[in-house]
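**Q** What follows is a structure written as C-alpha cells; I'll ask about it next.
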Amino acid sequence: MTKRLLAALFAVVLILSVAILPAYAESASYSYKLDDSADVLSPDEETKLLATIKDVSEACKCNLAFATVKDLNGASFSHNGTTQDYADMYYETLYGKNTDGIVVLLVLNNGKGKRDIYISTSGKCIKQLSDSEREDIFDVALDKHSPDSKGYYDFLNYIAVGIKGAVIPHVKWYMLPLSFIIAFVLAMLILSFLKKQLKSVEMQRGAVNYVRPGSMNVTAARDSYLYSTVSRTARPKDSGSSSHTSSGGGSHGGGGRSF
Amino acid sequence: MAVHEYKCPCCSGALAFDSTIQKMKCPFCDTEFEVEALKAYDEDLNNEGTDKLEWDTNAGTQWTTDEASGLRSYICQSCGGEIVGDENTAATECPFCGNHAIIMQQFSGSLKPDYVIPFKLNKEAAKAEYLKHLQGKFLLPKIFKDENHIDEIKGIYVPFWLFDSDADADIRFRATRTRSWSDSNYNYVETSYFSVYRAGNVAFDHVPVDGSTRMPDDLMESVEPYNFSEAVDFRTAYLSGYFADKYDVDAEQSIERANQRIKTSTEDAFRDTVQGYVTVTPEYSSVRLHDGKTKYAFYPVWLLNTTYKDEKYTFAMNGQTGKFVGNLPTDKGKFWRFAAIFTAVAGALIYGGMWLIQLL
C-alpha cells in the first residue's frame with residue numbers, strides 16, 4: 001500500500017518536472033526598449049529604468065518596451081487615434097503581431113487635457129497579466145508613486161516591478177497550507193465513507209417496506225401561495241483577461257487609465 | 001415440564017427441519033416428511049407429552065429455587081439428560097446428546113404464535129455470507145479477517161409482534177420555490193413561500209417489532225425486511241433443529257415503536273407527494289391510526305458471535321433473505337496512516353497543480 005503510494009508520488013513528480021522543465025529550457029531571445037520621446041526622465045533615471053526593464057524582460061521571458069510620448073500625433077506608423085490602438089500598433093511595429101510581450105505607454109496629452117497610462121499585452125502575456133492584476137498595478141502606481149509629487153521615474157519603475165510580480169508564474173504563499181488543508185478534508189471525507197462500510201447495524205427509519213401496495217390515498221391537496229421575497233447580491237468581478245484586435249490585425253490585451 | 005422432540009416414524013431418530021428442502025428430515029435414516037403430513041403425528045406426540053406432564057412436574061418441584069431465579073430444567077426425551085434453559089427458552093438442544101427439544105408449554109394458550117417464516121438458508125449459507133461480509137472493507141483490521149474465527153453460530157426463531165394498521169394523516173408543509181436572474185451589477189433571487197396541505201390515508205401490513213429483550217432491537221431491525229407472503233401457520237415442527245425464545249416484551253410495550261415507524265413513514269409518503277419545490281419543511285402533522293391488529297410470529301435469524309481483542313462482535317443474518325449485518329472494528333493505525341499519506345500526496349498534487357496552471 002505504502003510502496004504503491006510512493007511509486008505514484010514519484011510518477012507525479014516525474015510528470016511535473018517533464019512538463020515544467022521545457023518551459024525553463026526555452027532559450028528564445030527577447031528584446032527590451034525604453035523610448036523617452038516625451039523626455040520626462042533624466043539620463044541617470046533612464047539608465048536605471050532601462051536596467052530594470054532589461055531585468056523584467058529576462059525574468060518574464062517576453063519583449064518589454066516602455067514609451068513616453070507628448071501626444072498621439074506624429075507617429076511613424078498608422079493608428080486609429082486612440083491610446084489603445086497607438087500602444088497596440090507601437091508594439092506590433094517593434095516586435096510583430098502576436099509575439100509574446102508588453103508595451104507600457106505614457107501619453108502626456110491625450111487630446112482631452114489629460115494624461116494616459118496604458119499597458120498593452122500580446123501573445124502569452126495577454127493571459128499572464130490579468131485585468132485585475134493590471135488594475136492593481138495602476139492603483140498602487142497612481143496612489144503611492146504619483147508622477148505629480150514624485151516625478152515619472154518612481155511611477156514607471158513601479159509599473160515595471162509590478163509587471164514582473166504579476167507575469168512571472170507565481171502561486172500565493174497561503175496556497176501551500178491551503179492545499180494540505182483541502183487534501184486533509186478530502187482524506188476525512190473518503191475515510192468517513194470507508195468507515196461507514198463497517199457499520200451495518202442501525203434502527204430502521206420507518207416502515208416503508210410494509211406499506212400495503214396501492215393503499216396510499218390522497219384525499220385533499222392544497223398548495224397556496226403566501227408571499228415572496230427578493231434578495232440581491234453584487235456580482236463578482238470577472239478575474240480573467242479581456243482581449244481585442246488592433247487596427248493592424250494583431251490580438252492584444254491590456255487597458256489604461258487617464259489621470 | 002413437557003419437552004418435545006419430533007421422532008422419526010421410521011427409526012425413532014430425532015427429526016430436524018431442513019431449510020434447503022423445506023421439509024422435516026431424519027438425519028439418521030434420511031427419510032423426508034412434509035410438515036403438514038406430520039401434523040397428525042404431532043397431535044399424538046402432544047398427547048404423549050400430557051401423559052408425562054405429572055412425572056415432569058414432580059421432578060420440577062425439586063428446582064423451585066432455580067425456577068424462582070428464572071431457570072427452568074427439562075428432561076431430554078432421548079437420553080434422559082437434564083436440559084437447563086431460562087424462562088423464555090422455547091426450542092433448544094440437549095447438551096448431552098444434541099437432540100432437538102421443543103418446550104411445548106411455551107406455546108400453550110395465548111403464547112402460540114400465529115405465523116412462522118421457516119428458515120430458507122442453512123448454516124453453510126450463513127458462514128458464506130459472513131465471509132462475504134468481511135470482503136471489500138478497507139479499514140477492517142487484516143488480523144480480524146485472517147483469524148476469522150466464529151465462536152458460535154445459531155439458528156434462532158425470534159419472536160416478533162406484527163402490527164397491521166390504517167393511518168389517516170393531515171399534514172401541512174411550508175415550501176419554497178426560487179427564481180433567479182441577474183443584471184450587469186447584481187444577482188437576484190426571488191423566494192416564494194407556499195403553504196402546502198395534504199390529507200389522506202395509507203395502510204401498513206405486518207410492521208415487525210422485536211419481542212425479545214435478548215435480541216438487540218437495532219440488530220433485529222437491521223436484518224429486515226422479511227417477506228411476509230412466505231409466512232405459514234405456526235407449527236412447532238418448524239422449530240426442530242433451531243433455537244427459539246418466547247416473547248418477553250408484550251404487544252402493549254411494542255406498540256410505541258410500531259407507532260413511531262408508521263408515523264414516520266406516513267409523513268414521508270405524504271412528503272413525497274409535494275413536488276416542484278426547493279425546500280419542504282413540515283409545520284404540522286397529525287397521524288391517526290385505526291383498525292389496528294396485532295399478530296405474534298416467529299422470524300428466522302442466524303446469529304454469529306466472534307471475539308476480537310476481548311470484545312464480542314455479533315452478526316445477524318436474515319434466515320429468509322440472507323441479508324447479513326453486523327458492525328465491524330476499525331483499524332485505527334490504518335485510518336491515520338491513510339489520512340497522513342493521502343493528505344501528503346493530494347496536498348502536493350493540488351499545490352503542484354496550481355503551479356502547473358501558472359506555468360502552462
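**Q** How many residues, within the range B:331-360, are charged (D, E, K, R) and either in contact with a strand residue (DSSP E or B) (Cβ under 9 Å, 6 or more places away or on another chain) or at the interface with chain A (Cβ under 8 Å from one of its Cβ atoms) (or both)?
**A** 1
**Q** Being at pLDDT below 90, buried (at least 17 other Cβ atoms within 10 Å of the Cβ) and small (Gly, Ala, Ser): is that true of B:Ser184 here? It would help to see each step written out before you state the result.
**A** Values: at pLDDT below 90: yes; buried (at least 17 other Cβ atoms within 10 Å of the Cβ): no; small (Gly, Ala, Ser): yes.
No.
**Q** Continuing with the same structure: List the number of the failed condition for A:Tyr225; all other conditions in (1) at the interface with chain B (Cβ under 7 Å from one of its Cβ atoms); (2) touching a Gly at 6+ places or on another chain (Cβ under 7 Å) hold.
**A** (2)
**Q** Could you grab me the full set of residues in the range B:12-40 that are without any contact (Cβ under 8 Å) to a residue 40 or more places away in the chain and under 18 Å from B:Ser78 (Cα atoms)?
**A** B:Ser12, B:Gly13, B:Lys25, B:Cys26, B:Pro27, B:Phe28, B:Cys29
**Q** Evaluate the following for B:Thr264: is it out of contact with any Leu (no Cβ under 7 Å at 6 or more places or on another chain) and either within 7 Å of chain A (Cβ to nearest Cβ) or hydrophobic (A, V, I, L, M, F, W, C) (or both)? Break it down stepwise before answering.
**A** Working: out of contact with any Leu (no Cβ under 7 Å at 6 or more places or on another chain): yes; either within 7 Å of chain A (Cβ to nearest Cβ) or hydrophobic (A, V, I, L, M, F, W, C) (or both): yes.
It is true that B:Thr264 is out of contact with any Leu (no Cβ under 7 Å at 6 or more places or on another chain) and either within 7 Å of chain A (Cβ to nearest Cβ) or hydrophobic (A, V, I, L, M, F, W, C) (or both).
**Q** Let me ask something else. Name the residues in the range B:58-90 that are over 25 Å from B:Ile156 (Cβ atoms) and modelled with pLDDT of 70 or more, would you?
**A** Selection gives B:Gly80 alone.
**Q** For B:Ile156, indicate whether it is more than 14 Å from chain A (Cβ to nearest Cβ), within 21 Å of B:Asp310 (Cα to Cα), among the β-branched types (Val, Ile, Thr) and in contact (Cβ under 8 Å) with a residue 12 or more places away in the chain.
**A** no
**Q** Continuing with this model, one more query. Can you spot a residue in the range B:198-211 that is small (Gly, Ala, Ser), within 21 Å of B:Lys246 (Cα to Cα) and either touching a residue at least 12 places away in the same chain (Cβ under 8 Å) or not in a strand (DSSP E or B) (or both)?
**A** Our first condition is that a residue be small (Gly, Ala, Ser); within the range B:198-211, this holds for B:199-200, B:203, B:211.
Then keep just the ones that are within 21 Å of B:Lys246 (Cα to Cα); that gives B:211.
In the following step, the residues that additionally are either touching a residue at least 12 places away in the same chain (Cβ under 8 Å) or not in a strand (DSSP E or B) (or both) were identified as B:211.
So far as the range B:198-211 goes, yes, one or more of its residues are small (Gly, Ala, Ser), within 21 Å of B:Lys246 (Cα to Cα) and either touching a residue at least 12 places away in the same chain (Cβ under 8 Å) or not in a strand (DSSP E or B) (or both).
**Q** Just checking, does the range A:205-220 include any residue being at the interface with chain B (Cβ under 7 Å from one of its Cβ atoms), in contact with a strand residue (DSSP E or B) (Cβ under 7 Å, 6 or more places away or on another chain), surrounded by 18 or more Cβ atoms within 10 Å (Cβ to Cβ) and in a helix (DSSP H, G or I)?
**A** For the range A:205-220, residues at the interface with chain B (Cβ under 7 Å from one of its Cβ atoms), in contact with a strand residue (DSSP E or B) (Cβ under 7 Å, 6 or more places away or on another chain), surrounded by 18 or more Cβ atoms within 10 Å (Cβ to Cβ) and in a helix (DSSP H, G or I): present.
**Q** If you don't mind, there's one more thing I want to ask. Step by step: first the residues of the range B:228-239, then only those that are buried (at least 20 other Cβ atoms within 10 Å of the Cβ) and away from chain A (no Cβ under 14 Å), then the one that is farthest from B:Phe298 (Cα to Cα). Which residue is that? Steps first, please.
**A** Narrowing the range B:228-239 to residues buried (at least 20 other Cβ atoms within 10 Å of the Cβ): B:231, B:236-239.
Filter once more, keeping what is away from chain A (no Cβ under 14 Å): B:236-239.
Numbers: B:Thr236: 11, B:Ala237: 13, B:Tyr238: 10, B:Leu239: 9 Å.
My answer is B:Ala237.
**Q** Within the range B:217-227, is there a residue that is in contact with a Leu (Cβ under 6 Å, 6 or more places away or on another chain), under 28 Å from B:Glu87 (Cα atoms), at pLDDT 90 or above and at the interface with another protein chain (Cβ under 7 Å from one of its Cβ atoms)? Outline the logic, then answer.
**A** Initially, the range B:217-227 is screened for residues in contact with a Leu (Cβ under 6 Å, 6 or more places away or on another chain), giving none.
No, there is no match, as no residue in the range B:217-227 is in contact with a Leu (Cβ under 6 Å, 6 or more places away or on another chain), under 28 Å from B:Glu87 (Cα atoms), at pLDDT 90 or above and at the interface with another protein chain (Cβ under 7 Å from one of its Cβ atoms).
**Q** Just for the range B:195-216: of the residues that are more than 8 Å from every other protein chain (Cβ to nearest Cβ) and hydrophobic (A, V, I, L, M, F, W, C), which one is nearest to B:Asn259 (Cα to Cα)?
**A** Filtering the range B:195-216 for residues that are more than 8 Å from every other protein chain (Cβ to nearest Cβ) and hydrophobic (A, V, I, L, M, F, W, C), the one nearest to B:Asn259 (Cα to Cα) comes out as B:Val209.
**Q** Still on this structure: Here are some residues: B:Thr294, B:Thr343. Which one is more than 24 Å from the chain's Cα centre (by Cα) and either within 22 Å of B:Val116 (Cα to Cα) or not charged (D, E, K, R) (or both)?
**A** Details: B:Thr294 fails: more than 24 Å from the chain's Cα centre (by Cα).
When all the criteria are applied, what remains is B:Thr343.
**Q** Please go through (1) hydroxyl-bearing (Ser, Thr, Tyr); (2) at the interface with chain B (Cβ under 7 Å from one of its Cβ atoms); (3) surrounded by fewer than 17 Cβ atoms within 10 Å (Cβ to Cβ) for A:Thr245 and return the number of the only condition it doesn't satisfy.
**A** Exception for A:Thr245: condition (2).
**Q** Further, regarding this structure: Answer with yes or no whether B:Leu289 is within 13 Å of another protein chain (Cβ to nearest Cβ), crowded, with 17+ Cβ neighbours inside 10 Å and modelled with pLDDT under 90.
**A** Working: within 13 Å of another protein chain (Cβ to nearest Cβ): yes; crowded, with 17+ Cβ neighbours inside 10 Å: yes; modelled with pLDDT under 90: yes.
Taking the combined requirement at face value, the residue satisfies it.
**Q** Residues to consider are B:Tyr284, B:Tyr296, B:Tyr277; find the one that is crowded, with 19+ Cβ neighbours inside 10 Å and either within 13 Å of chain A (Cβ to nearest Cβ) or touching a residue at least 60 places away in the same chain (Cβ under 8 Å) (or both).
**A** On the way: B:Tyr284 fails: crowded, with 19+ Cβ neighbours inside 10 Å; B:Tyr277 fails: crowded, with 19+ Cβ neighbours inside 10 Å.
Only one candidate qualifies: B:Tyr296.
**Q** Shifting gears a bit: Report whether or not A:Ile117 is of a type in the set (A, V, I, L, M) and part of a strand (DSSP E or B). Can you show your working first?
**A** Numbers: of a type in the set (A, V, I, L, M): yes; part of a strand (DSSP E or B): yes.
Yes; evaluated as a whole, the condition is true for this residue.
**Q** Return yes or no: is A:Ala207 of a type in the set (A, V, I, L, M, F, W, C), modelled with pLDDT under 90 and touching a helix residue (DSSP H, G or I) at 6+ places or on another chain (Cβ under 8 Å)? Before the answer, list the steps.
**A** Values: of a type in the set (A, V, I, L, M, F, W, C): yes; modelled with pLDDT under 90: yes; touching a helix residue (DSSP H, G or I) at 6+ places or on another chain (Cβ under 8 Å): yes.
It is true that A:Ala207 is of a type in the set (A, V, I, L, M, F, W, C), modelled with pLDDT under 90 and touching a helix residue (DSSP H, G or I) at 6+ places or on another chain (Cβ under 8 Å).
The values are calculated or read from the model by the stated rules, or taken from the named source; none is laboratory data. The structure presented is a predicted model; accordingly, all values stated were derived computationally and were not measured. Virtual Cβ from ideal backbone geometry, glycine too; neighbours counted across all protein chains shown.
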